[in-house]
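Notes to accompany the following structure.
The values are calculated or read from the model by the stated rules, or taken from the named source; none is laboratory data. Computed from a predicted model, the values in this text were never measured in an experiment. Note that we place each Cβ from the backbone using ideal geometry, even for glycine, and neighbour counts take in every protein chain shown.
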Number of protein chains: 2
Amino acid sequence: MSVTGPAGFRAAGIAAGIKENGNRDLALVVNDGPNQAAAGVFTTNKVKAAPVLWSQQVLKERKLRAVVLNSGCANACTGPGGFQDTHATAEKVAEVLGVGAIEIAVCSTGLIGERLPMKEVLSGVETAVEELADSEQAGLDAATAVLTTDTKPKQALRKHSAGWSIGGFAKGAGMLAPNLATMLSVVTTDADISGEVLEEALRQASRLTFDRLDVDGGTSTNDTVLVLASGASGIAPDQEEFTELLTQVCLDLARQLQGDAEGVTKLIDITVRGAASEDDAVRIGRTIAEDNLVKTAMFGSDPNWGRIAMALGRVPAEIEPEKVEITVNGVTLFANGTQARDRSEADLSGSEIDIVVDLHLGEHSATIMTTDLSHGYVEENSAYSS
Amino acid sequence: MSVTGPAGFRAAGIAAGIKENGNRDLALVVNDGPNQAAAGVFTTNKVKAAPVLWSQQVLKERKLRAVVLNSGCANACTGPGGFQDTHATAEKVAEVLGVGAIEIAVCSTGLIGERLPMKEVLSGVETAVEELADSEQAGLDAATAVLTTDTKPKQALRKHSAGWSIGGFAKGAGMLAPNLATMLSVVTTDADISGEVLEEALRQASRLTFDRLDVDGGTSTNDTVLVLASGASGIAPDQEEFTELLTQVCLDLARQLQGDAEGVTKLIDITVRGAASEDDAVRIGRTIAEDNLVKTAMFGSDPNWGRIAMALGRVPAEIEPEKVEITVNGVTLFANGTQARDRSEADLSGSEIDIVVDLHLGEHSATIMTTDLSHGYVEENSAYSS
């Protein structure tokens with residue numbers, strides 16, 4: 001169960017003919033209320049796709065009746081014509097649902113620079129509206145229709161003991177990056193919660209989950225996370241508890257994105273401790289996560305801590321090299337400015353690698369989730385658009 | 001011809017037994033004067049190898065009698081013991097040459113975190129001194145002895161019509177990065193020039209050559225470029241002419257490093273024009289150069305300009321997306337915020353790719369030299385330390 005888990009939501013995922021292979025490529029999530037509170041976070045990339053520009057605008061009202069999403073075409077770098085396509089898609093959804101276009105968010109993912117096949121999109125919207133359902137299958141269909149190079153749908157659901165719940169799906173297997181990935185995610189809740197509180201909760205949850213996933217440093221033109229609240233449970237949750245449960249859902253989805261990243265053979269957590277600031281911890285963790293020499297060493301199951309030391313030394317952050325400790329899968333390999341235990345003692349043959357860098361300078365820490373750089377990644381990305 | 005091209009220099013490159021495969025691994029370049037002016041630029045990494053710490057110190061005098069270099073071991077992250085090894089190496093060279101250790105620079109390259117086999121290094125120094133010669137072969141031997149994963153030695157020589165010349169060698173095939181690569185380079189000249197002028201010329205030359213080579217974003221713990229001036233030609237060159245010729249030699253060597261980068265199948269130049277500042281141009285060029293999605297697309301001969309647009313949009317620099325033009329191998333693929341000519345018109349099947357990004361914002365420009373991300377890169381770097 002995902003977006004149809006919480007009460008008040010219907011979803012659909014259909015094959016509109018945007019993808020040449022005939023797979024599902026258009027998803028719709030509808031909030032039947034009684035409330036329509038919503039919040040979103042978007043890519044920080046200056047080159048924003050048309051659907052991002054549109055959705056940022058409509059989200060100013062913190063109210064959404066529905067989200068329409070397509071895969072197979074990012075509708076990015078498509079100029080005013082591309083923006084019109086997004087607008088027309090929202091208008092179509094609004095028309096069929098009998099609401100205003102300003103209540104409809106749009107998300108797209110796929111190849112940059114191509115225009116959407118609008119005939120397929122518009123008739124796809126009609127089909128999707130016909131197929132809307134609150135079933136588990138409908139949620140799964142929607143989660144499936146947003147996939148690109150992902151190998152499987154990603155869904156999550158958490159129920160609070162008080163009777164409200166949060167569910168969601170996400171996609172995004174490459175271009176996963178600082179400040180969101182090529183990822184789209186729609187999260188729903190039947191909690192009774194205002195748009196303002198929802199936005200604050202989403203910012204906090206994203207910062208510690210999606211924002212800490214860094215597969216290849218890319219930041220997509222289309223990254224979008226939306227949360228819709230129906231209030232259908234009739235329960236107004238405590239803000240802190242809501243944020244906590246939302247963070248759990250987002251982390252669950254982020255972990256699934258990590259696990260299905262392009263070419264992944266190793267799941268790598270990089271924890272930076274003892275940093276002078278959280279910013280420093282994040283910056284160092286990300287630089288190590290993005291370093292191709294570290295990533296290829298991990299692919300080779302090689303505890304080459306020298307590359308980790310090299311990567312952290314090039315970060316514009318507070319570091320005293322002789323205080324740094326590098327521990328890989330529980331074995332401290334570097335301490336006091338020199339080799340500690342022998343690298344052969346760290347066993348990286350499994351699929352999970354845990355790197356801990358302790359700077360011994362302060363109290364701050366952060367964990368970045370990343371993957372290795374494998375032949376599979378190169379293969380998939382050297383042939384993607386052709 | 002390289003370091004032994006200019007008058008007043010002898011060199012040697014021998015197999016000291018540092019590398020297990022028996023290849024040449026210890027090089028010596030001696031300046032016989034009459035002058036011993038010298039300058040150096042070093043890695044900006046905060047984690048600096050022992051030889052970098054040593055050489056930065058001795059270079060404060062702007063005077064060098066010799067440089068000793070080894071491959072097969074970086075002597076980085078080796079603590080006080082590693083620093084003593086560097087010191088002992090310099091002392092040994094000084095003793096055999098009958099000069100002071102403060103006139104001896106030391107460079108190392110290879111695996112991080114291992115100690116040098118000092119018995120081999122010290123007896124290697126004796127052998128190298130015995131083999132010192134001013135022949136072309138001696139220069140080639142030295143250029144060969146510094147190689148790690150490089151497939152061939154890199155040498156350059158330029159002669160000025162007034163009778164002085166500049167020669168040099170370089171190594172470094174991976175961890176090639178902003179602000180120098182894993183590269184060592186020794187450049188010699190028989191011009192009569194002061195250490196101050198030499199340093200200024202080297203800074204200017206590096207900034208436009210070695211500093212603009214970015215293969216994988218890594219910045220090594222050991223990067224070092226040294227210039228030694230013997231004054232043996234008796235000619236004091238015009239400072240501008242000297243800087244110009246030095247830049248030519250450094251560019252020649254940087255191009256050779258690019259051409260022999262790990263796993264390279266494509267030589268890619270990324271020129272950013274019309275930037276509001278040179279810093280912006282460099283930052284944008286580097287971000288595109290380091291982007292794995294751009295690099296893998298280039299490996300696949302795929303003119304996927306959307307990834308270039310994505311990469312430039314995530315740079316903290318002044319950009320107006322609708323003004324940006326992206327031209328790949330002479331074909332403008334993106335302009336006015338949307339697709340221009342069809343991507344199929346850009347032929348990337350050859351080994352050279354020219355990417356021009358015009359921001360249409362200002363007068364500044366920069367070219368970053370990079371390579372693609374291939375299976376060869378992954379292969380070489382996932383098996384390097386084992």
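The table for this structure:
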quantity	calculated
For B:Val249: the one exception among (1) part of a strand (DSSP E or B); (2) closer than 22 Å to B:Ala105 by Cα	(1)
Qualifying positions in the stretch B:276-297 - more than 8 Å from chain A (Cβ to nearest Cβ) and hydrophobic (A, V, I, L, M, F, W, C)	B:Ala276, B:Ala281, B:Val282, B:Ile284, B:Ile288, B:Ala289, B:Val294
Only listed residue being under 22 Å from A:Ala76 (Cα atoms), in contact (Cβ under 8 Å) with a residue 24 or more places away in the chain and among the polar types (S, T, N, Q), chosen from A:Thr247, A:Thr265, A:Thr243, A:Thr221	A:Thr221
Members of the stretch B:43-81 found to be of a type in the set (S, T, N, Q) and surrounded by fewer than 19 Cβ atoms within 10 Å (Cβ to Cβ), listed by number	B:Thr44, B:Gln56, B:Gln57
Members of the stretch B:300-359 found to be within 24 Å of B:Gly259 (Cα to Cα), touching a residue at least 24 places away in the same chain (Cβ under 8 Å), surrounded by fewer than 17 Cβ atoms within 10 Å (Cβ to Cβ) and among the acidic types (Asp, Glu), listed by number	B:Glu352, B:Asp354
Single condition A:Lys119 does not satisfy, out of (1) of a type in the set (Lys, Arg); (2) free of Cβ contacts under 8 Å to residues at least 60 places away in the same chain; (3) over 23 Å from A:Thr148 (Cα atoms)	(3)
Every residue from the stretch B:97-132 that is within 14 Å of another protein chain (Cβ to nearest Cβ) and not in a strand (DSSP E or B)	B:Gly110, B:Leu111, B:Ile112, B:Gly113, B:Glu114, B:Arg115, B:Leu116
Total residues in the stretch B:69-81, condition outside any loop (DSSP other than H, G, I, E, B) and either over 25 Å from B:Gln36 (Cβ atoms) or out of contact with any Pro (no Cβ under 9 Å at 6 or more places or on another chain) (or both)	6
Test: residue in the stretch A:301-317 that is more than 29 Å from B:Phe83 (Cα to Cα) and either at pLDDT below 90 or within 12 Å of another protein chain (Cβ to nearest Cβ) (or both)	yes
Subset of the stretch A:330-386 (residues that are more than 9 Å from chain B (Cβ to nearest Cβ) and either at positive phi or touching a Cys at 6+ places or on another chain (Cβ under 6 Å) (or both))	A:Gly330, A:His360
Any hit, the stretch A:286-298, residues being in contact with a Pro (Cβ under 9 Å, 6 or more places away or on another chain), farther than 30 Å from B:Gly300 by Cα and not assigned by the TED database to the domain that holds A:Asp252	no
Failed condition for A:Asp150, given (1) surrounded by fewer than 24 Cβ atoms within 10 Å (Cβ to Cβ); (2) charged (D, E, K, R); (3) more than 19 Å from the chain's Cα centre (by Cα)	(3)
Search result, residues across the stretch B:50-71 that are within 14 Å of another protein chain (Cβ to nearest Cβ) and touching a strand residue (DSSP E or B) at 6+ places or on another chain (Cβ under 8 Å)	B:Ala50, B:Val52
Any pair with Cβ under 7 angstrom, 6 or more apart, that starts in the stretch A:285-299 at a residue that is without any contact (Cβ under 8 Å) to a residue 40 or more places away in the chain and ends at one that is of a type in the set (Asp, Glu) and surrounded by 24 or more Cβ atoms within 10 Å (Cβ to Cβ)	A:Leu293/B:Asp216
Check on A:Ala38, of a type in the set (A, V, I, L, M), at pLDDT below 95 and surrounded by 24 or more Cβ atoms within 10 Å (Cβ to Cβ)	no
Selection from the stretch B:263-275 of residues that are within 12 Å of another protein chain (Cβ to nearest Cβ) and either buried (at least 22 other Cβ atoms within 10 Å of the Cβ) or not β-branched (Val, Ile, Thr) (or both)	B:Gly263, B:Lys266
Condition check for A:Arg283: surrounded by fewer than 24 Cβ atoms within 10 Å (Cβ to Cβ), closer than 24 Å to B:Asp291 by Cβ and not assigned by the TED database to the domain that holds A:Gln57	yes
Any chance A:Asp269 is part of a strand (DSSP E or B) and of a type outside the set (Ser, Thr, Tyr)	yes
Matching residues in the stretch A:272-284 - criterion: being assigned to a helix (DSSP H, G or I) and farther than 12 Å from A:Pro316 by Cα	A:Glu278
Subset of the stretch A:37-64 (residues that are among the charged types (D, E, K, R) and without any contact (Cβ under 8 Å) to a residue 12 or more places away in the chain)	A:Lys46, A:Lys60
Qualifying residue in the stretch B:362-373 (condition: part of a helix (DSSP H, G or I), modelled with pLDDT of 95 or more and more than 29 Å from the chain's Cα centre (by Cα))	no
Hey, A:Ala143 modelled with pLDDT of 95 or more, outside any helix (DSSP H, G or I) and over 22 Å from A:Thr370 (Cβ atoms) or not	no
Criterion (outside any loop (DSSP other than H, G, I, E, B) and crowded, with 24+ Cβ neighbours inside 10 Å) met by exactly one of B:Leu202, B:Leu198	B:Leu198
Condition check for A:Ser185: under 23 Å from A:Thr44 (Cα atoms) and hydroxyl-bearing (Ser, Thr, Tyr)	yes
Scan of the stretch A:205-235 for residues that are assigned to a helix (DSSP H, G or I) and more than 14 Å from chain B (Cβ to nearest Cβ), ordered by number	A:Ala205, A:Ser206, A:Arg207, A:Leu208, A:Phe210, A:Arg212
